[in-house]
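A.B. asks: One structure coming up, written as structure tokens, with questions to follow.
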Amino acid sequence: MFAPHTLKDRVAFITGGAGDIGFDIAQAYGRMGAKVVIASRNEERLKKAEAELQAQGIEATAFVTDVRNFDQVKRSIDDTVAKYGALDILVNNAAGNFHCPTAGLTPNGWKTVIDIDLNGTFYGCLAAYEHLKQSTHGGNIISIITMLGVMGWPGAAHAAAAKAGILSLSRTLAVEWGGDNIRVNTISPGPIGDTEGVKRMYLDTGRGELEQKKTALGRFGAKADIANAAVYLASDLAAYTTGDNLVVDGGRWLKYVAN
Ligand code: COA
């Protein structure tokens, strides 16, 4: 596995870092020696997560941030650099989603998810760029998407379109910012058990068993599977990897194509 110094002296900013996959990424980064900043909307949840990380001996800070607001994102990222002296890793993990067949989706429902997922990711990249350029380790952007953005996602057209947009944005930035020594990659998780996303999209809609069967491995993944992928991409072990989409989905999309 990774050594405890794998991310030593790096500073990571993780949106949606208070819960689910974002918290596990923050925890994994912290255990590998990084200083972590978690940014989310809900102050109570954020403070609880910050305290949990600190109790593990992790250097962690929480900044209340709505990723739909560029000024807030910029302020939180600038405050991160003011506090820790650098920014090396940006993880765009914050996401909003709800199940709704497209004919019943209101323009505001569509816009809300696009604002959180796609615009929020763009705001993070833009606000982080000048700082990532200065990183002595090389800057790093990792965005959490899903292969459902590529395959189509009935009942979640807003999230699917946003995630496809993030994939395209990431590939563009990998080329535009490669000369600045910034690597830009995405991770595509499959259904990860014990997350709000799986609860909302699959368990609450009675599709839990079916969705497990849809994966080649026949089961939900764990949050640690995604955190491990995020450590790898942020580390020097992935020094020559940029513009990649690391699929960690138990073979779901391949099974979809194969069947
Ligand atoms: N079905 C249909 N429309 C819905 C909906 C649902 N289940 N939930 C929200 N909407 C619509 C609302 O009706 C509203 O549109 P309208 O003004 O035309 O009526 C619009 O979406 C915004 O809803 P609102 O509740 O004001 O947004 P919010 O900013 O408080 O919440 C969400 C954002 C909608 C994404 C909410 O689900 C959320 O906070 N999710 C965060 C957690 C999450 O989604 N995690 C899973 C990540 S995979």
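A.B. asks: What whole number of Å gives the distance from the Cα centroid of the stretch 36-80 to the Cα centroid of the stretch 223-259?
C.D. replies: 25
A.B. asks: Give me the dipole magnitude in Debye, nearest 20, for the chain about the Cα centre, with unit charges on the beta carbon: positive for Lys and Arg, negative for Asp and Glu.
C.D. replies: 460
A.B. asks: Pull up all non-local amide H partners of Leu246: gap of 5 or more, or a different chain, and H-to-H distance under 5 Å with H placed in the peptide plane.
C.D. replies: Thr186, Ile187, Ser188
A.B. asks: Springs between alpha-carbon atoms under 10 Å, Gaussian network over the chain: tell me which of Gly218, Gly33, Gly19 tops the mean-square fluctuations.
C.D. replies: Maximum among the listed residues: Gly218.
A.B. asks: Hey, another quick one. What fraction of the Cα pairs in the stretch 2-58, stated in percent, has a spacing above 16 angstrom?
C.D. replies: 33
A.B. asks: Could I ask something else about it? State, to one decimal in nm, how far the label point of Val257 lies from the label point of Asp236, with both points 7 Å from Cα in the Cβ direction.
C.D. replies: Label at Val257, label at Asp236, 3.4 nm between them.
A.B. asks: So what is the relative contact order for the stretch 11-255, in percent, with contacts set as C-alpha pairs under 8 Å and at least six apart?
C.D. replies: 19
A.B. asks: Of Tyr29, Ala12, Val247, which is farthest on the positive side of the dipole of the chain, counting Cα position, with +1 on Lys and Arg Cβ, -1 on Asp and Glu Cβ, and the Cα centre as origin?
C.D. replies: About the Cα centre, the residue reaching furthest to the positive side is Val247.
A.B. asks: Please identify every one of the chymotrypsin sites (Phe, Trp or Tyr not before Pro) in the stretch 70-121 that sits in a loop by DSSP and has no more than 16 other beta carbons within 10 Å of its own beta carbon.
C.D. replies: Phe98
A.B. asks: What does the extension gain come out to for Phe98 and Ala55, with contour length at 0.36 nm per residue minus their alpha carbon separation?
C.D. replies: 12.2 nm
A.B. asks: Then there is this: Could you pull out every one of the aspartates and glutamates with an alpha carbon less than 20 Å from that of Lys47, ignoring same-chain neighbours closer than 8 positions?
C.D. replies: Output for Lys47: Asp20, Asp24, Glu59, Asp66, Asp78, Asp79, Glu196.
A.B. asks: Further question on the same structure: Output needed for the stretch 164-206: three equivalent-ellipsoid semi-axes, defined as square roots of 5 times the C-alpha gyration tensor eigenvalues, in descending order, whole Å.
C.D. replies: Semi-axes from the Cα gyration tensor: 33, 10, 6 Å.
A.B. asks: For the stretch 130-193 and the stretch 84-104, compute the distance between their C-alpha centroids and round to whole Å.
C.D. replies: After rounding, the separation between the Cα centres reads 10 Å.
A.B. asks: Please identify the helices of the chain, taking whole runs of DSSP H, that span at least 15 Å along their own axis as judged from the Cα atoms and have a mean Kyte-Doolittle score of 0.5 or higher.
C.D. replies: 157-176, 223-234
A.B. asks: Mind giving me the nanometre distance, one decimal, between the label points for Thr136 and Ala222, set 7 Å out from Cα along Cα→Cβ?
C.D. replies: Label-label distance for Thr136 and Ala222, simple model: 3.6 nm.
A.B. asks: Something else: Using a Gaussian network model of the chain whose springs link C-alpha atoms within less than 10 Å, name the residue from Ile14, Ile89, Ile58 with the highest mean-square fluctuation.
C.D. replies: Among Ile14, Ile89, Ile58, the largest mean-square fluctuation in the Gaussian network model of the chain belongs to Ile58.
A.B. asks: Further question: Quote to one decimal, in nm, the extra length available between Arg207 and Met151 on full extension: 0.36 nm per residue of separation minus the C-alpha distance between them.
C.D. replies: Full extension of this stretch gives 18.3 nm more.
A.B. asks: Give me the tail of P(r) for the stretch 11-255 as a percent: Cα-Cα pairs with distance above 32 Å.
C.D. replies: Every Cα pair in the stretch 11-255 considered, those over 32 Å come to 15 percent.
A.B. asks: A further question follows. Are there trypsin sites (Lys or Arg not before Pro) in the stretch 209-252 that DSSP marks as loop and that have at most 16 other Cβ atoms within 10 Å, and which are they?
C.D. replies: Those satisfying the criteria are Arg219.
Throughout, read-outs are computed from the coordinates displayed, never taken from laboratory work. Since the model is a prediction, treat every value here as computed from it, not as a measurement. Note that we place each Cβ from the backbone using ideal geometry, even for glycine, and neighbour counts take in every protein chain shown.
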